[in-house]
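Novice: What follows is a structure written as structure tokens; I'll ask about it next.
Laboratory data are not the source of any read-out in this text; all were calculated from the coordinates shown. Keep in mind it's a predicted model, so treat the numbers as computed, not measured. FYI the Cβ positions are ideal-geometry reconstructions off the backbone, even for glycines, and counts take in every protein chain you see.
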Amino acid sequence: MGKKLFIENKYNSFKKTILVDGDKSISIRTLLLGSQAYGNTLIENILLSEDILSSINCLKKLGVKISLNNNKCSIHGKGLNGFKFKKNIILNAGNSGTFARLVLGLLVKSPYYIKLIGDRSLSKRDFARVILPLQKIGATFKVNNKKTLPLQIIGSTFVNPIRYFEKRGSAQCKSTIMLAALNSPGQTVIKAKKSRDHTENIFKHLGIPIIVKKSKYYDEIKIKGQKDIKSFKYEVPSDPSSCAFFVVLTLLSKNCNLKIQNVNVNNSRIGYIKILNKMGAKIKIKNVRTKYGEKQADLYVKSQPTLKKITCPPNLSSNLIDEFLIIFLAAAKASGVSSFSNLGELNKKESPRLKLGSKLLNQLGIKTKLTKDSIKIFGNPTIGLKKTINVKNYYKDHRIFMTSVIAAFTFGGKWKIDDIDSYKSSFPSFLNIVKKLGFKFKIV
């Protein structure tokens, strides 16, 4: 049996300043681009989660020299397509969908088949979205009918520049094509539905030839490949998705003030702040500065005793996909019925999150109406639990675990939460910060 977390008490007042772990999306992208740069790259404040450690181990198998000293990561790259390809390489991405999908874009010149595997959760996720464009670029795949892991990829001596229409709002799909384009002669053009744009920002920062034309719903991205990348230094800001848990904990507790320092406030990552402020929160973004093409700032949050219902704008959904579970908690304590739509992608994450999020709310006594891609949440501002809540069978999804912990401290009751090690895949200091804020729990 795995470890369980027991929570039986609430602590409702704190005034604290915290620093959250480095941004996972940026940590993985800087690792991948550092592996393609020529010379010694230094990444500071890199996230030291299981996902990142899996990514580093995979790059080492591809011949990249990488060393870690606390949260500083040194990468000795040999330039574009500088991997040391061998026969029978197996890359284990663990739970990291971002690394697994993105690294395929850098394998499009491999002369041998490379096998990509992942854990049980990752092996259920869709890879068709990256396989199709990479086939157009020149890669060949051996994969099952469901287009899931494990798969094998072999590259081509000639990498085609392509035009591709990315309709899902998948930053991973877009980024995979962009990374493949680095090895392509000529110009690759991607019309992409709006999604997080960290890859574009890092490309610009590194001087990679890229032109981005933005419109309301889509971006047009043009990349000229086969340009050398110089080694670089990058300090990773705090992950806004990880911050969301403590933002909502503060909002739903009493007499609390929280400052979170040095947060990535890229506009494609703060949709949850916009939604919570529409619900009556007063989250402030201060000390905004731009570094490496990314906006960083400090977040200021206060308790908010009354939150309003929300009809979430569907166009924000792709920017909120990692934060919806924690937003559902805010909606559960809001007055009125909140509606969220265009959420089909939520069931394609580490678990069927939309279904499990609804199930968790139902356990709390919150009524929901669920479809395959939408949910209505009937809020109860006076909710105060006295019963025992058991959270189990949730595919070891880190975000469901952390959402359950926040629910336990804000809604009351006695909680038993399974598989506590799940949070280490994305946010290894989560429980340490919980302790710093004065909350108590037991691990058995």
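Novice: First measure r as the distance between the Cβ atoms of Y38 and N88, then evaluate 1/(1 + (r/R0)^6) with R0 = 30 Å and state the FRET efficiency to the nearest 0.05. Don't jump to the answer; show the numbers that get you there.
Specialist: Values: r = 28 Å, r/R0 = 0.92.
Approximately 0.65, to the nearest 0.05.
Novice: Taking N as the number of residues in the range 116-184, what is its alpha-carbon radius of gyration divided by 2.2 N^0.38 Å? Let's see the in-between values first.
Specialist: Details: Rg = 12.1 Å, N = 69, 2.2 N^0.38 = 11.0 Å.
After normalising by residue count via 2.2 N^0.38 Å, the value is 1.10.
Novice: Follow-up question, since we're still on this one. Compute the Rg/Rh shape ratio of the range 140-179: radius of gyration over Kirkwood radius, all on alpha-carbon atoms. Write down the numbers at each step before the final one.
Specialist: Numbers: Rg = 12.2 Å, Rh = 12.2 Å.
Looking at the range 140-179, the ratio lands at 0.99.
Novice: Per 0.36 nm of contour for each residue apart, how much would the distance between S339 and T306 grow if the chain were fully extended, relative to their Cα-Cα spacing? Walk me through the intermediate numbers first.
Specialist: Working: separation 33, 0.36 × 33 = 11.88 nm, distance 1.77 nm.
Between S339 and T306, full extension yields 10.1 nm more.
Novice: Reported to two decimal places, what Rg/Rh ratio describes the range 95-209 when computed on Cα atoms with Rh from the Kirkwood expression?
Specialist: Details: Rg = 13.5 Å, Rh = 14.3 Å.
With Rg and the Kirkwood Rh in hand, the quotient comes to 0.95.
Novice: Taking only DSSP H segments of four or more residues, each worth -39500 (n - 2.57), what value at 222 nm results for the chain once the sum is divided by all its residues, to the nearest 500 deg cm²/dmol?
Specialist: Details: 13 runs with 128 residues, N = 444.
So the calculated ellipticity at 222 nm is -8500 deg cm²/dmol.
Novice: Of all the C-alpha pairs in the range 19-67, what % are more than 15 Å from each other? Present the calculation step by step, with values, prior to reporting the outcome.
Specialist: Numbers: 465 of 1176 pairs.
Across the range 19-67, Cα pairs with separations above 15 Å total 40 percent.
Novice: Between V444 and T371, how many nm apart are label points set 7 Å from Cα along the C-beta direction?
Specialist: 4.3
Novice: Over 19 Å, how big is the tail of the calculated P(r) for the range 32-92, in percent of all Cα pairs?
Specialist: Details: 473 of 1830 pairs.
When every Cα pair of the range 32-92 is considered, 26 percent fall beyond 19 Å.
Novice: Now a separate question. With each pseudo-label sitting 7 Å past Cα toward Cβ, what's the K214-K147 distance in nm, one decimal?
Specialist: Between K214 and K147, the label points sit 2.9 nm apart.
Novice: Taking the Cα centre of the chain as origin, work out the dipole magnitude from +1 charges on Lys and Arg Cβ and -1 charges on Asp and Glu Cβ, in debye rounded to 20.
Specialist: On the way: 79 positive and 27 negative charges, 144 e Å.
Computed charge dipole of the chain: roughly 700 debye.
Novice: Moving on to the next point. Using all C-alpha to C-alpha distances in the range 233-361, build P(r) with 5 Å bins and read off the rounded percent in each one.
Specialist: Bin by bin from 0 Å, the calculated values are 2, 11, 21, 23, 19, 14, 8, 2, 0, 0.
Novice: Related question: With equal scatterers on the alpha carbons only and no solvent term, can you work out the Debye log10 of I(q)/I(0) for the range 139-270 at 0.09 1/Å?
Specialist: Debye intensities relative to I(0), on a log10 scale: -0.39.
Novice: Stokes-Einstein diffusion coefficient for the range 37-138 at 25 °C in a medium of 0.890 mPa s, Rh from the Kirkwood formula over Cα pairs: what value in µm²/s?
Specialist: 169
Novice: Continuing with the same structure: Hey, can you rank 281-290, 71-80, 256-265 by average C-beta count inside 10 Å, highest first?
Specialist: Descending packing order for the listed peptides: 256-265, 71-80, 281-290.
Novice: Using Cα springs under 10 Å in a Gaussian network model of the chain, which residue among I89, I153, I26 shows the largest mean-square fluctuation?
Specialist: Between I89, I153, I26, it is I89 that shows the largest mean-square fluctuation.
Novice: Stretched out fully, how many nm does the piece from K222 to K359 gain, at 0.36 nm a residue minus the Cα gap? Numbers along the way, then the final one.
Specialist: Details: separation 137, 0.36 × 137 = 49.32 nm, distance 4.29 nm.
Between K222 and K359, full extension yields 45.0 nm more.
Novice: Once the chain is represented by equal point scatterers at the alpha-carbon sites, with solvent omitted, what log10 I(q)/I(0) does the Debye formula produce at q = 0.07, 0.10, 0.14 Å⁻¹?
Specialist: Relative scattering, expressed as log10 I(q)/I(0), comes to -0.34, -0.69, -1.33.
Novice: Still on this structure: Principal axis lengths of the range 298-354 from Cα atoms, whole Å, largest first?
Specialist: 33, 30, 21
Novice: If you don't mind, there's one more thing I want to ask. Bin all alpha-carbon pair distances of the range 24-235 at 5 Å intervals from 0 and give each bin's fraction as a whole percent.
Specialist: P(r) over the range 24-235, rounded to whole percents: 1, 8, 17, 21, 22, 18, 11, 3, 0, 0.
Novice: Greater than 28 Å separation of Cα atoms is the criterion. Which listed pairs, K147/K355; K16/K282; K214/K424; K355/K435; K367/K435, meet it? Numbers along the way, then the final one.
Specialist: Working: K147/K355 22 Å; K16/K282 17 Å; K214/K424 36 Å; K355/K435 30 Å; K367/K435 31 Å.
Pairs exceeding the cut-off: K214/K424; K355/K435; K367/K435.
Novice: Here is a follow-up. Between R289 and N315, with labels modelled 7 Å along Cα→Cβ, what's the label distance in nm to one decimal, could you check?
Specialist: That separation, rounded to one decimal, is 3.3 nm.
Novice: While we're on this one: What ranking do H398, H205 get, fewest neighbouring Cβ atoms within 10 angstrom at the top? Present the calculation step by step, with values, prior to reporting the outcome.
Specialist: Working: H398 24, H205 16.
Fewest-to-most ranking of H398, H205: H205, H398.
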